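One structure below.
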Amino acid sequence: MTQKDRPWLIRTYAGHSTAAASNALYRANLAKGQTGLSVAFDLPTQTGYDSDHVLARGEVGKVGVPVAHLGDMRTLFDDIPLEQMNTSMTINATAPWLLALYIAVAEEQGADVSALQGTVQNDLIKEYLSRGTYICPPEPSLRMIADVAEYCYSNLPKWNPMNVCSYHLQEAGATPEQELAFALATATAVLDALKPRIAPEDFPAVVGRISFFVNAGIRFVTEMCKMRAFVDLWDEICETRYGVTDPKFRRFRYGVQVNSLGLTEQQPENNVYRILIEMLAVTLSKKARARAVQLPAWNEALGLARPWDQQWSMRMQQIMAYETDLLEFDDLFDGNPAVDAKVEALKDGARHELASLDAMGGAIAAIDYMKGQLVQSNADRLGRIEKGETVVVGVNKYQAGEPSPLMTGDGGIMVVDPAVEAEQIARLDAWRNARDADAVARALSDLRAAAQAGENVMPASIACARAGVTTGEWAAQMRAVHGEYRGPTGVSAGKSNKTEGLDDLRDAVDAVSDRLGRRLKFLVGKPGLDGHSNGAEQIAVRARDCGMDIAYEGIRLTPEEIVTAAIEDKAHVVGLSILSGSHIPLVEDLMQRMQTAGLTHVPVIVGGIIPDEDAQRLRAFGVARVYTPKDFELNTIMMDIVTLADPTAVAAE
């Protein structure tokens, strides 16, 4: 019988509601044949806030599991032996803290900590560019990434201290060349920072622990070629930039989640085929095959996936790995002239972009540039869909179809119980009351001193975990020492030259502005902790190019701050973007504040992943329009804004 290669690690990205509920989900998935864990944390945990912080309102347990302290982490991995597990934690700004909690739980289980296997994502640069869960400025954040890598090398040698994450770059609109270059520039920034801290003879092994987390889109041949380009370029960088001679330390090791950006709300059952086709890009080529794969669920454009939906995605992987003969063959594409030519073209484009980034001083210095490039690339991508140049089945072509029987009485999604937040806060209060306050104070003082002195924060963080410190308390020390950061929006004030097809809209904006007596003012706000800003950026860019006066200050604002901005900016229309599922409490709060401030005459529009039932509730709050991913024609939204702001139309109503 032909000897088969070992299959990749099979994971599902999971976590919701509470640590206990997530633990039950993990154990169920492991029983179904999942071979590794991939932990999704909620936004307060990711951004360093306790569940009772004002910014955490409505966000607790929504996009992942809340982990506020050692007790939560203990519950999360109850009856799961960490020494036998390979655990990926998608965590960045608070990565040192969550790893410290994981180590403390492993110690309680009696595990050999040096044998722990897994990954923390720990890539802050892409957070500034695309995902938005950063806390501190780039330089101290880079030092904390290096702290984790240095500590892991000495104490957790089998642990990957960083997943250089190009996944969210593609979600933010990156071309394949940009995804290659921006990710590789991030990796070199981290290794350059780490190199002075590691003995020269040990550095190649440290290079060998850097891993990547990538995206794979629907153009699966190009995406497969992109992965082969990643393999070649990383090998080249490791050898020429860092002098790594051992080929095993130059391997491009990566995990993947295939594209979520391309999943559609319309005809969502089609997403099953998209997910399977995208998986081909990272499994077909042995030379560039993923080490770990996690697939989104077919209904993620609608809301939170149910356990059955996750199971369906897991079965796709298992059928590919265990039923097909894929793993019996050497690389299928070696020597293919079409593949080789595409790989070389991608490498040339990436090298050109890398040279530009190096000339700017590297990834940290080029954050503003990269953000602006991503916003423009995403605008180009959306423009091609709007014009029909890029076909999306069920969206801009072949829209007629039968109703999906998969959309059952629950709407085809799982809904987190709103009571989860209050219950989590009650557990947090009980935890604070039961711990040794003096031990907590000492641990926090030692942590702050370590951070101020520029020492590695991992030992002090582990001591904090054992003492009972909370996530918000740990992050507060980092904020106090290093300050907070607001990333670039990528939305420039000046209009772009891409105004083709906008003449009628620009005329309408001019006419309404004349009737208003000043330029139509459109305020775009992102309340709560949701850092996925791509949609808000594209709305702001299109509104700007239509001639509106836009105000967009980026992510992570409270409803109170947005209402204050509406007053100060004298906004004619307020637009909110919320993709984390927290739209009901955040919009209700904002609408009440608008009423109190005497702004009931200012229309509010909301965009996000919003089920029909929730959209009805938002309209009952007074929201004028609700938009979901199916509303991809931005010009239609622009005309709605113009109509809502038009004093003539308001008077007629």
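Worth pointing out:
- Virtual paramagnetic centre 7 Å along Cα→Cβ of residue 287, amide N under 20 Å, in segment 231-248: 231-240, 246-248
- Two-decimal log10 I(q)/I(0) for segment 503-652, as the Debye equation yields it once each C-alpha is a single scatterer, q = 0.09, 0.13, 0.15, 0.16 Å⁻¹: -0.24, -0.52, -0.70, -0.81
- Cα-centred dipole magnitude for the chain, charges only on beta-carbon of K, R (+1) and D, E (-1), debye, nearest 20: 500 debye
- Prolate/oblate/rounded label for segment 263-315 (Cα gyration tensor, a/c 1.5): prolate
- Shape of segment 100-227, Cα gyration tensor, a/c cut at 1.5: prolate
- Going from the residue with the fewest nearby Cβ atoms within 10 Å to the one with the most, 353, 423 rank 423, 353.
- Scaled against 2.2 N^0.38 Å for its residue count N, the alpha carbon radius of gyration of the chain is 0.95.
- Extension reserve of the residue 407-residue 479 stretch, reckoned as 0.36 nm per residue once the Cα distance is removed: 21.5 nm
- Listed residues 230, 30, 174: farthest to the positive end of the dipole of segment 9-386 (Cβ charges): 30
- Ranked list, fewest to most other Cβ atoms within 10 Å of each Cβ, for 287, 226: 287, 226
- Segment 120-165 and segment 337-408: distance between their alpha carbon centers, rounded to Å: 25 Å
- Averaging the sequence gap over all C-alpha pairs within less than 8 Å and six or more residues apart, then dividing by the number of residues, gives the chain a relative contact order of 16 percent.
- Positive minus negative residues near residue 310 (Lys, Arg vs Asp, Glu; Cβ under 13 Å): +2
- Value at 222 nm in deg cm²/dmol, rounded to 500, when DSSP H runs of n ≥ 4 in the chain each add -39,500 (n - 2.57): -15000 deg cm²/dmol
- Signed unit charges on C-beta, dipole axis of the chain, positive-most listed residue 520, 391, 624: 391
- Net length gained if the chain between residue 445 and residue 205 were fully extended (0.36 nm per residue, minus Cα distance): 83.0 nm
- For the listed peptides 479-488, 602-611, a ranking on the average number of other beta carbons within 10 Å per residue, highest first, reads 602-611, 479-488.
- Segment 475-491-segment 55-92 distance, computed between alpha-carbon centres (Å): 23 Å
- Percent RCO, i.e. relative contact order, over segment 173-313, from Cα pairs under 8 Å lying at least 6 residues apart: 25 percent
- Prolate/oblate/rounded label for segment 9-386 (Cα gyration tensor, a/c 1.5): rounded
- Sorted by Cβ neighbour density within 10 Å, fewest at the top, the residues 8, 97: 8, 97
A short reminder: the numbers here are calculations on the coordinates, not readings from a lab. Quick caveat: nothing in here was measured; it's all calculated off a predicted structure. Cβ coordinates were reconstructed from backbone atoms using ideal geometry, including for glycine residues, and neighbour counts include every protein chain displayed.
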